[in-house]
Amino acid sequence: MFGSSSTTRSVASGVRSAAVTAPVCPSTLEDSWERTGRAGFAVRYRPVSAADSPTGSPTPVVTVVQLDPAVPLDRFADHLDGVDVRVVRAYAGEHPGPADRLEGLVVLGGNMSAHDEHEPGIPETRALLADAVRAGVPTLGICLGAQLLAVATGGRVDVAAPPGREAGVVDVRWRPEAATDPLVGALAADAERTATRSTPMPTMHADAVVDLPRHAAWLAASRTYPYQAFRVGDAAWGLQFHPEASPELMDAWSADAGDSADERAAIAAAVRGVDEQVRADGARLAATFAGLVAVRAAERTPV
């Protein structure tokens with residue numbers, strides 16, 4: 001999500017992204033079967049228990065590692081079609097189990113660094129991502145999750161990267177490599193038919209991937225940060241933007257970041273201005289990822 005430290009930001013022309021110098025302190029949400037944040041957003045939520053098993057179910061299971069209580073699955077809770085969702089609260093000390101038992105893995109964002117050795121779940125999630133790539137588990141890292149994927153597989157992430165915080169809406173510009181990618185290929189094809197040849201997506205981060213892992217496929221860039229999307233191996237994707245985030249969640253993050261009233265209003269206007277497309281594209285991305293999980297689960301099922 002926001003990045004791990006303060007950074008000087010500027011409001012872009014047309015307010016596609018905005019910024020401020022402030023420490024970020026996400027609010028803590030209550031744990032329950034339904035969470036309602038300060039801004040009024042609700043997220044259906046099933047915590048992991050000892051009875052949960054990531055394998056052996058007739059329905060494939062996507063394990064979601066939540067690193068920060070203020071960064072939930074949000075809209076993806078509705079859009080991961082045809083799979084069960086198992087949420088592991090890494091910030092509370094929960095563990096997902098070994099990677100080779102997982103059928104699908106999503107790692108969410110958070111207000112800490114990919115290099116942090118002391119935040120609950122961060123070192124363990126780096127190791128899990130490295131193992132998931134080796135095991136060929138369909139994996140999706142979002143924002144901090146993408147940064148952890150990069151570090152875990154040999155890339156490099158800068159804390160409070162020099163361009164400054166990217167917040168609001170980012171125009172994701174797809175590279176030629178994205179055209180045949182199994183996860184983002186359809187979004188890239190649609191973008192090619194638009195005047196801007198890009199896909200608008202919510203974003204909020206200060207840390208950034210500055211070197212991709214060796215042999216990673218570079219899929220998308222923005223004007224500010226080059227590595228908006230990438231793939232490691234055949235089935236692990238990192239997305240710097242937030243396809244899962246609703247306007248309400250983005251506004252809660254902006255408030256928690258200490259943004260001024262004008263900055264919050266600018267971010268909110270930018271996000272709501274493209275939300276119809278973001279909702280549709282996010283739903284398609286989540287459904288496509290769930291389909292990839294289902295295909296791999298079927299391939300692993302004994303005949």
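Computed from the coordinates by the stated procedures, all read-outs in this text should not be read as laboratory data. What you see is a predicted model, and the numbers here were worked out from it, not measured in a lab. Here the Cβ is made from the backbone with ideal geometry for all residues, glycine too, and neighbour counts use every protein chain on show.
Observations on the model:
- R0 of 41 Å, Cβ-Cβ distance His215-Ala255: FRET efficiency to nearest 0.05: 0.55
- The overall shape of the range 159-246, judged from the alpha-carbon gyration tensor, is oblate: a/c is not under 1.5, and a/b is no greater than b/c.
- Measuring max minus min along each principal axis, the C-alpha atoms of the range 148-204 give extents of 35, 27, 15 Å (largest first).
- The ranking of Asp251, Asp262 by Cβ neighbour count inside 10 Å, starting from the fewest, reads Asp262, Asp251.
- When the GluC sites (Glu not before Pro) in the range 49-158 are filtered for DSSP coil states and for at most 12 other beta-carbon atoms within 10 Å of their beta-carbon, the remaining sites are Glu117.
- In units of the compact-protein estimate 2.2 N^0.38 Å, the range 34-300 shows a Cα radius of gyration of 0.92.
- Order of Trp174, Trp218 - criterion: other Cβ atoms within 10 Å of each residue's Cβ, fewest first: Trp218, Trp174
- Cα gyration tensor shape for the range 149-303, rounded if a/c is under 1.5, else prolate or oblate: prolate
- For the range 118-218, the gyration tensor built on C-alpha atoms gives an oblate shape. Its axis ratio a/c (a ≥ b ≥ c) is at least 1.5, and a/b is not larger than b/c.
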